[in-house]
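Here is the structure we will look at.
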Amino acid sequence: MTGLRDAAEPRAVISGVGQSEVGRQVDRSGLQLTLDAVLAAIADAGLEVDDVDGLAMFPGGGAANLPGYANGNLYEVQDALGLRTTWRQGQVEGMSLPFYAPAMAVAAGQARHVVVYRTVKEGSAAKGAGGRPAYGSTKPVAEGPLAWLLPVGMLSPVCQVAPYAMRYMHDFGVTREQLAWIPVTQRAHAALNPAAVYRDPLTVDDYLASRMISTPMCLYDCDVPVDGATAIVVSTVDAVADLRSPVRIEAMAGVVDGRPSWDQWEDMSRVGHATGEALWARTDLRPADVDVAQLYDGFTIEVVWWLEALGFCGVGEAGAFVEGGTRIGLDGELPLNTWGGQLSGGRLHAAFGHTAEAVRQLRGEAGDRQVDGAEVAAVTNVGGFEAGAALLTRW
């Protein structure tokens, strides 16, 4: 790590990942799913429940969130597991990756083993009476960033992100036929993942024939609401002798260099670039060293942002980079979202599914979708003013 004295990253490792059952509708409560994932992650790390002294949820829960958006109350989880903690945090969404704050905590000596989890019941919420409400429709008053979004009908993230996709395609001549290869390739990867929600083949023609959600973004540009939980254990590097198979955190970054609002971002065709620059400044590794990329894909345009922001291709070149799927396939130069991503694997959100897959790939535990010799993985979260990125490496 170049010239970074006392950096947090060398003092923390990802020691375990665990997931509950994931499905469009799972007949278990949010708390039950959370406990399933947390216990699986602790066992994966080679630890016992009593070893855990830090607990975090991402994002924090509360009435402000949509139905199904955040489950597994922090207090209930701690009580159910009988944990005695020295550090806790109900994180909120923003630029960071889910393991960002836990890594800081163990690096500062506040805890030795922190579990951070994310649980969603969005699949059940979407199938409930009346369906899942649009994000902005639950707000009695349009305030903060929503004051500019709600009056023009931008009630959900797809409406907020679609103008970015339209502007990008206009500026660089990128076509829907090119972008289709992102969900098509990820579906092929999902076919090799028994836990993926959608595993049937998807073609470019299927993509082009699907219904439009918010122009130019169609059904297959959007992630899939599911029920499920993911947990990650972050441990102090001093404990590696007690861990089953730790993964290094090589570098982390999250930069907000513009106005913190989707409708006020200064350059709609360049998103996340400051975070990419900050990430590479914290390591001697370069984009060509990355063996597998788990890039946040709430919408396909977010994958485009990250391909360019992290320097895997030039600005405006992502369409050509993904076209045909060869370069982003399992045998390509940059295998992309090898678990199927959120577009086919399910919306586990906030890079939790992406991080879990990165860890499995670096350990060589990804089964039929394993990328040979994977030693460096890139992981990202969201984009724009909520951008976070990290590099993970094999121990």
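Quick one: Debye curve from the alpha-carbon atoms of the chain only, equal weights, vacuum; give me log10 I(q)/I(0) at q = 0.07, 0.08, 0.13, 0.14 Å⁻¹ to two decimals.
-0.28, -0.37, -1.06, -1.26
Could you look at the chain and say what percent of its accessible area is carbon and sulfur, using a 1.4 Å probe and all protein chains?
Answer for the chain: carbon and sulfur cover 49 percent of the accessible area.
If I stretch the segment between Trp395 and Asp27 completely, what's the gain in nm (0.36 nm per residue apart, minus their alpha carbon distance), one decimal?
Answer, rounded to one decimal: 128.8 nm.
Can you send over the solvent-accessible area of Phe172, 1.4 Å probe, protein chains only, in Å² to the nearest 10?
Its heavy atoms expose roughly 70 Å² to the probe.
Based on DSSP H runs of at least 4 residues, each adding -39500 (n - 2.57), what is the mean residue ellipticity at 222 nm of the chain after dividing by all its residues, to the nearest 500 deg cm²/dmol?
The per-residue figure over the chain is -8000 deg cm²/dmol.
Show me 180-186, 216-222 ranked by packing, highest mean number of other Cβ atoms within 10 Å first.
By packing density, highest mean first, the sequence is 180-186, 216-222.
Relative contact order, percent, of the chain when contacts are C-alpha pairs under 8 Å separated by at least 6 residues?
Relative contact order for the chain comes out at 24 percent.
Roll a 1.4 Å probe over the protein heavy atoms and report the accessible area of Asp171 in Å², nearest 10.
Here the residue's solvent-accessible area equals roughly 60 Å².
Suppose a student asked you for the relative contact order of the range 222-279, using Cα pairs under 8 Å spaced at least 6 residues apart; what percent would you report?
For the range 222-279, the relative contact order is 31 percent.
Mind ordering 146-152, 331-337 by average Cβ neighbours within 10 Å, highest first?
Final packing ranking: 331-337, 146-152.
Counting other Cβ atoms within 10 Å, keep those with at most 13, restrict to DSSP loop, and tell me which trypsin sites (Lys or Arg not before Pro) in the range 203-264 are left.
Arg211, Arg244
At what distance in nm do the modelled label points of Asp372 and Val92 sit from each other, each positioned 7 Å from its Cα along Cα→Cβ?
In this crude spin-label approximation the distance works out to 4.9 nm.
Please identify every one of the GluC sites (Glu not before Pro) in the range 203-297 that sits in a loop by DSSP and has no more than 13 other beta carbons within 10 Å of its own beta carbon.
Filter output for the range 203-297: Glu266.
With a probe of 1.4 Å, find how much accessible area the chain has per residue, and write the answer as a whole number in Å².
39
With label points built 7 Å along Cα→Cβ from the Cα atoms of Lys127 and Ala7, find their separation and express it in nm.
4.5
The values are calculated or read from the model by the stated rules, or taken from the named source; none is laboratory data. Being a predicted model, the structure only gives us computed values, none of them experimental. Every residue, glycine as well, gets a Cβ built from its backbone with ideal geometry; the counts of neighbours run over all protein chains shown. SASA here: full protein model, heavy atoms, side chains in, ligands and nucleic acids out. Shrake-Rupley method; radii C 1.70, N 1.55, O 1.52, S 1.80 Å.
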